[in-house]
Amino acid sequence: MSGPATRILYIDDDAGLCRLVQKELQRRGYFVEIATDGASGVARVARGDIDVVALDHVMPNQDGLETLTGIRALAEPPPVVYVTAMQDVRVAVAALKAGAADFVVKDAQGEFLPLLQRAIDTTFDAVTLRRAKEVAEAENKRSLLLTQSIVDTIRDPLVVLEHDMTIVTASKAFLMMFGTTEAEASGRHVFELGQHQWDVPALRHLMERVRWENQPIESFEIEDDFPGLGRRVFCLNARKISQPGNHAQRMLLVFEDITERKQRERDAAMLTNEVSHRIKNNLQIVAGLIGYEARRTDAPCIGGYKAMQSRIGAIAQLYDLISQSSRGGAVALDAYLQEIAKAISASLLGESSDIEIEVKADVLEIDPDRAVPFGLLVNELATNAVKHAFPQGTGRIVLSVAQVGSQIELTVADNGVGMKHEDLAQPHDKLGGADYVAIFVRQLGGTVTASGSEVTGTIISVRLPLLVVPPGGAERAAA
């Protein structure tokens, strides 16, 4: 028999029977509350502190099965004993399927009360036993979590892996972030977690190196959609761990959520692109105004205006490339040279010109801070070739850039009339035909040389420190 603390809610539209049940059960040591309809019964259960519900089947507006559904939908609902005067076994089956813990057939005289009491006691005892078992299991689990508590002090999610990449233990931060449990994670292969987001060939290769070569993983990025988290970027670090006197080799794998940091970087890149786009537009306006003035000025001044327009156009093309760059600043040299060639052709040659400008460039990138003097240098050398190499108005200019050891070699070559021997012999910082070349070479910390002849044309080569890098230098994986 249940103790006096057992609190019963009896739901029935028969007020007389409700009073009878309440009187008899309270006489036997229960505390009994009454609800005369399903809706008020569900509302009372929702307030909590009810141990067992006895629920009638036939009620107006909302019958017992509907009320049972409402109770079961609550968080941590109490067990329900279903009560009805109907002998139809289908009602009992329907109630049990809907979640009732037991079933009692009532009568108007109250002779069913001993059966109801027995059903309440049995149901309450079963729930009490189940809760006691859960408490015992929780206590047992806590006694085994000394090592786990140490792992849980680490802020970032982490897992400890066996040599076969199965999970030995996972930190609390890991379980919370990825919406899993210790039981679900333990023993699973790390590449099987979630929707296999970690099953990336590059990561597999690096983890094999950790296992066999003791080579740590440093800052390996994975971007993917994770269940319950959405789009996330994680930075992974891993290394082999072992204990003195223990030959077991395990691996510690740490997951750092860098989504917000990456978003800030992307926002900064987007802002850079937008500012660069606006600068480019303003420079194009300035170049257009210079072109307008060049058409109105006297012939001796036109060359100066066009040279100025070409230099401004080269800078505008740089900012145009920056505004289109997904890397938020790094400029692709092949595309940069192509745009400079187009700008020179448009401002100095025109569509009817027989002078061609060709670009040959390795796939390299340049920092935008140094891209401005680099672009101006290319523009100046190419402009000089256009002006002086082709008195007959026909020929070809080749702009090329390549990495040579620890340096970058920029070459501007033409097949024009070539430079005179005395010009080739002058100081190297004067070889461009203008002081601008020397200024830009000095800004880049480079050196300039010239070769060729009056027959083969001219080749101007500029060697610069390694100021460009191959794109995509950092290791990264994205789904």
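Here, each number is a calculation from the coordinates, and none is a lab measurement. What you see is a predicted model, and the numbers here were worked out from it, not measured in a lab. We place every Cβ from the backbone using ideal geometry, glycine too, and count neighbours over all the protein chains shown.
Observations
- Rounded to 0.05, the FRET efficiency of the E356 and A43 pair, given R0 = 60 Å and the Cβ-Cβ distance, is 0.10.
- Between the beta carbons of R442 and Q403, assuming R0 = 25 Å, the FRET efficiency works out to 0.70 to the nearest 0.05.
- Extended-chain gain in nm, criterion 0.36 nm per residue less alpha-carbon gap, Q263 and R295: 6.8 nm
- Placing pseudo-labels 7 Å out from each Cα toward the beta carbon at R250 and E208 gives an inter-label distance of 2.5 nm.
- For the range 80-86, the Karplus equation 6.51 cos²θ - 1.76 cosθ + 1.60, evaluated at θ = phi - 60°, returns couplings of 10, 9, 8, 10, 7, 8, 7 Hz by residue, with Gly and Pro reported as x.
- Gyration tensor verdict on the range 146-257 (Cα atoms; rounded if a/c is under 1.5, prolate if a/b is larger than b/c, oblate otherwise): oblate
- Karplus-based coupling profile of the range 50-66, in residue order and whole Hz: 10, 8, 9, 10, 9, 10, 6, 7, 8, 8, x, 6, 9, 6, x, 5, 5, with θ = phi - 60° in 6.51 cos²θ - 1.76 cosθ + 1.60 and x standing for Gly or Pro.
- Inter-part distance where the range 87-102 and the range 48-80 are each reduced to a Cα centre, Å: 13 Å
- Computed lengthening from H388 to R7, 0.36 nm per intervening residue step minus Cα-Cα distance: 126.8 nm
- Centre separation in Å (Cα based) which lies between the range 190-209 and the range 334-390: 45 Å
- Sequence-distant aspartates and glutamates (8 or more away, or on other chains) whose Cα lies within less than 14 Å of K306: E293, D298, E380
- Counting neighbouring beta carbons within 10 Å and listing from fewest to most, the residues K97, K360 come out as K97, K360.
- From least to most packed, judged by other beta carbons within 10 angstrom and beginning with the fewest, F234, F112 follow the order F112, F234.
- Sorted peptide list for 389-395, 15-21, criterion being average Cβ within 10 angstrom, highest first: 15-21, 389-395
- As a proxy for reagent exposure, H205, H189 were ordered by neighbouring Cβ count within 10 angstrom, fewest first; the result is H205, H189.
- Packing-based order for 83-91, 114-122, 130-138, using average beta carbon neighbours within 10 Å, highest first: 114-122, 83-91, 130-138
- Label sites at L96 and M176, each approximated as a point 7 angstrom past Cα along Cα to Cβ, lie 4.3 nm apart.
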